Amino acid sequence: MSQNVMEELKEGYALSEIEAVVLRTASRDYMIKTGSEASIKPRINSGEEKPLRKGDTIYAQHRTKAIVVGYDLEFTDVMVHPKVLAVVDGGVASYAQEGVLEQYSAPVLGTPVSRPPFGVDIYCANKDTGGNTLDYLVFGLEGCEGKPAEFELKDGEFYTPKYGMASTPPSGQSPLTIKRVPVSGLPVDTTE
């Protein structure tokens, strides 16, 4: 009988802080520096079991395995960004002048909503024992579609929007990637 080789894992990543979240649309990328929380959960198509059974005796089992069909992402921000709300919720933000919101209009009630797919990159800092950022791990989700916005407002509390989205990319694409990028790989604002 062979014995497995035991390997002590020495490398690893101590992740802390969401440094940036980037929503990638067909026409523009939006960088959010005020993200405070993200939850990424797999959406699973559960397998099934079909026993070959007579009475109290099982003669065989046919099992299909659970398969990941996408991921659900919930992202919490400490600021309200109408442009992000428009991408995720599917409405329209209008501005009196650049950066000054005039109005946000959610999708019209009772009508089909077209929410174009987008990508999401979440940059998390990898820290050392001195609290220094060594690099970033980027959680990337493709083929995301936004969900209707939810609002919970409370006296004396700051409103922290939660944006919901589902990642279901086209066939042949991975719904989730995690890659390491150097400190210099953190996105920067490229607008003029």
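The overall shape of the stretch 1-114, judged from the alpha-carbon gyration tensor, is oblate: a/c is not under 1.5, and a/b is no greater than b/c.
Coupling constants for the stretch 50-64 follow from the phi torsions by the Karplus curve (6.51 cos²θ - 1.76 cosθ + 1.60, θ = phi - 60°), and in residue order they are 10, x, 8, 9, 9, x, 9, 10, 9, 9, 6, 9, 10, 10, 10 Hz; glycine and proline get x.
Spatial offset of the stretch 149-180 relative to the stretch 1-22 amounts to 25 Å, using the alpha carbon center of each. The apolar share of the surface of the chain, taken as the fraction of accessible area on carbon and sulfur atoms (1.4 Å probe, ligands and nucleic acids excluded), comes to 52 percent.
Oblate is the label for the chain, because a/c, from the alpha-carbon gyration tensor with a ≥ b ≥ c as root eigenvalues, is 1.5 or above and a/b does not exceed b/c. When the charge dipole of the chain is built from unit charges on Cβ atoms (+1 for Lys and Arg, -1 for Asp and Glu) and taken about the Cα centre, the candidate among 45, 58, 164 whose Cα reaches farthest toward its positive end is 58. Of the listed residues 134, 153, 109, the order by accessible area with a 1.4 Å probe, largest first, is 109, 153, 134.
Averaged over its residues, the chain has an accessible area of 71 Å² per residue, based on protein heavy atoms and a 1.4 Å probe. Using heavy atoms of the protein chains and a probe of 1.4 Å, the accessible area assigned to residue 179 is about 120 Å².
Estimated from helical segments only, the mean residue ellipticity of the chain at 222 nm is -1000 deg cm²/dmol, where each DSSP H run of four or more residues counts as -39500 (n - 2.57). When +1 charges are put on Lys and Arg Cβ atoms and -1 charges on Asp and Glu Cβ atoms, the dipole computed for the stretch 49-183 relative to its Cα centre reaches about 880 debye. Between the listed residues 153, 116, 91, the Cα displaced farthest toward the positive end of the dipole of the chain, a dipole computed from Cβ unit charges relative to the Cα centre, is found at 116. Pairs from the list 33/147; 10/33; 65/162; 83/127 with a Cα-Cα gap above 27 Å: 10/33; 65/162; 83/127.
The values are calculated or read from the model by the stated rules, or taken from the named source; none is laboratory data. No experiment lies behind these values; they were computed from the predicted model shown. When we count neighbours, we look across all protein chains shown, and the Cβ atoms used for this are built from the backbone with ideal geometry, even at glycine. The area values use the complete protein model at the heavy-atom level, side chains included, leaving out ligands, DNA and RNA. Shrake-Rupley method; radii C 1.70, N 1.55, O 1.52, S 1.80 Å.
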